[in-house]
Amino acid sequence: MTDAILSGFKGRHLLRMSDLTAAEIMGLINTAMRFKEVSEREVKKLPTLRGKTVVNLFFEASTRTRTSFEIAGKRLSADVINISAQTSSVTKGETFKDTVLNIAAMKPDALVIRHSAPGTALYASKIAGCSVVNGGDGAHAHPTQALLDLLTMTERKKNLENLNVSIIGDILHSRVARSNIAALNMFNANVTVCAPPTLLPHKMESMGVRATHSIAEAVEGADVIMMLRLQTERMAQGLFPSLREYADNFCLSAKVMKNAKKDVIIMHPGPINRGVEIASDVADGPYSVILNQVTHGVAMRMAVLYLLCGGAES
Ligand code: CP
């Protein structure tokens, strides 16, 4: 990986996967692989971002993204401030714009934003005066999730090219599916999406994927199975008859897994709903890499903060 690629990140935003080239994604994966080792040390700290300030601004619930950005920043010695909308002046009527402008006035080096509305990170990037990282905006994009997923796939499967990846669940509302599809297409992976017709966007094939409504078909031949939860918080109306009927047809169970490849890996961005999209014994079973993804979340977010905040100078 050339220094030119790594030094080219400084001061940029990360809003969606199309902000990155395939070479830059590989640069991030290689940087994250190096940072992974830091989390195994007794003293999990590098001085790299000393004097830098990272603000996590979260308008939507999060366990993994918010915590891993905080840990990532702290492991690089940045000052990390967490702001949750529920405990901010948003509850007193302050607008999103004013919230971002006021945080920007305190001169952070990076702002990580999660919001339920698509486009909020892009809007913030135009007024924040610092690097903005999209921590998930509605059903639009979640680039650091896709990056940590690619890190997990690369570590387990070595090569993304021609990898058979099946994404199963609520594709319609999933920013994780959109970001992973965009990324996997850059590496010529073979992506299959699987959902009931009401949870699959129209003309899905135009995104360069194969679509099916059969979980058995999606599982057969897959090298990677990525399960998604039902995002009921984004559903305006009932899009499936009942949780039980959904689980009967789309839950990844031990029975469905009987036809999977012997070296398949099972992924899930979390949070998981046990017994709905994935059975407990499968989520905790030998093929599952779900908690490895969480570990990789810290390493990948260290790589993102390090490169955007200017850790790699040419
Ligand atoms: N995968 C993910 O974004 O999880 P959180 O909602 O807990 O951040």
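The values are calculated or read from the model by the stated rules, or taken from the named source; none is laboratory data. Predicted, not measured: the structure shown is a model, and the values here were computed from it. Neighbour counts run over all protein chains shown; Cβ positions are idealised from the backbone, glycine included. Keep in mind that these areas ignore ligands, DNA and RNA; they rest on the heavy atoms of the full protein, side chains included. Shrake-Rupley method; radii C 1.70, N 1.55, O 1.52, S 1.80 Å.
Under the condition of being in contact with a Ser or Thr (Cβ under 9 Å, 6 or more places away or on another chain) and β-branched (Val, Ile, Thr), the residues counted in region 154-188 number 3. Quick one: which residue in VAL112, VAL165 is farther than 21 Å from GLU277 by Cβ, open to solvent by less than 10 Å² (accessible area, probe 1.4 Å) and at pLDDT 95 or above? Among VAL112, VAL165, only VAL112 is farther than 21 Å from GLU277 by Cβ, open to solvent by less than 10 Å² (accessible area, probe 1.4 Å) and at pLDDT 95 or above. Taking ALA211, is it of a type outside the set (D, E, K, R), touching a residue at least 24 places away in the same chain (Cβ under 8 Å) and open to solvent by 20 Å² or more (accessible area, probe 1.4 Å)? So ALA211 does not fit the description; no.
Taking the condition surrounded by fewer than 18 Cβ atoms within 10 Å (Cβ to Cβ) and within 16 Å of the ligand (Cβ to nearest atom), does PRO286 pass? No, not satisfied. Among the residues in region 57-64, are any free of Cβ contacts under 8 Å to residues at least 12 places away in the same chain, of a type in the set (Gly, Ala, Ser) and within 21 Å of ILE103 (Cα to Cα)? Checking region 57-64: at least one residue is free of Cβ contacts under 8 Å to residues at least 12 places away in the same chain, of a type in the set (Gly, Ala, Ser) and within 21 Å of ILE103 (Cα to Cα).
Go through region 2-33 and count every residue that is without any contact (Cβ under 8 Å) to a residue 60 or more places away in the chain and in a helix (DSSP H, G or I). Residues meeting the conditions: 5.
This table checks each residue for (1) open to solvent by 30 Å² or more (accessible area, probe 1.4 Å); (2) within 16 Å of the ligand (Cβ to nearest atom); (3) farther than 30 Å from LEU111 by Cβ.
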site: THR232; (1), (2), (3): yes, yes, no
site: ILE266; (1), (2), (3): no, yes, yes
site: GLN293; (1), (2), (3): no, yes, no
site: GLY297; (1), (2), (3): no, yes, no
site: MET300; (1), (2), (3): no, yes, no
site: GLY310; (1), (2), (3): no, no, no
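Return the residue satisfying two criteria in turn: it lies in region 15-47 and is β-branched (Val, Ile, Thr) and modelled with pLDDT of 95 or more, and of such residues it is farthest from ASN159 (Cα to Cα). In this case the residue turns out to be VAL43.
Test LYS92 against the stated conditions and say whether it is more than 25 Å from ASN292 (Cα to Cα), in the same structural domain as LEU305 (by TED's automatic domain parsing) and touching a residue at least 60 places away in the same chain (Cβ under 8 Å). No: the conditions fail for LYS92. Flag not set for LEU14, criterion: over 26 Å from GLU233 (Cα atoms) and surrounded by 13 or more Cβ atoms within 10 Å (Cβ to Cβ). I'd like the full set of residues that are assigned to a loop (DSSP other than H, G, I, E, B) and either of a type in the set (Asp, Glu) or open to solvent by less than 40 Å² (accessible area, probe 1.4 Å) (or both), limited to region 45-58. Across region 45-58, the qualifying residues are LEU46, LEU49.
Looking at this structure, is ALA218 closer than 24 Å to LEU147 by Cβ, in the same structural domain as SER77 (by TED's automatic domain parsing) and away from the ligand (no atom under 16 Å from the Cβ)? Answer is no for this residue. Open to solvent by 20 Å² or more (accessible area, probe 1.4 Å), more than 24 Å from the chain's Cα centre (by Cα) and among the small types (Gly, Ala, Ser) - does that describe any residue in region 18-39? Taking every residue of region 18-39 in turn, none turns out to be open to solvent by 20 Å² or more (accessible area, probe 1.4 Å), more than 24 Å from the chain's Cα centre (by Cα) and among the small types (Gly, Ala, Ser). Scanning region 103-132 for residues that are charged (D, E, K, R) and free of Cβ contacts under 8 Å to residues at least 60 places away in the same chain gives LYS107, ARG114, LYS126.
For THR154, indicate whether it is outside the structural domain of ARG301 (by TED's automatic domain parsing), among the polar types (S, T, N, Q), over 12 Å from the mean Cα position of the chain (by Cα) and within 18 Å of ILE29 (Cβ to Cβ). When the stated conditions are applied, THR154 passes them.
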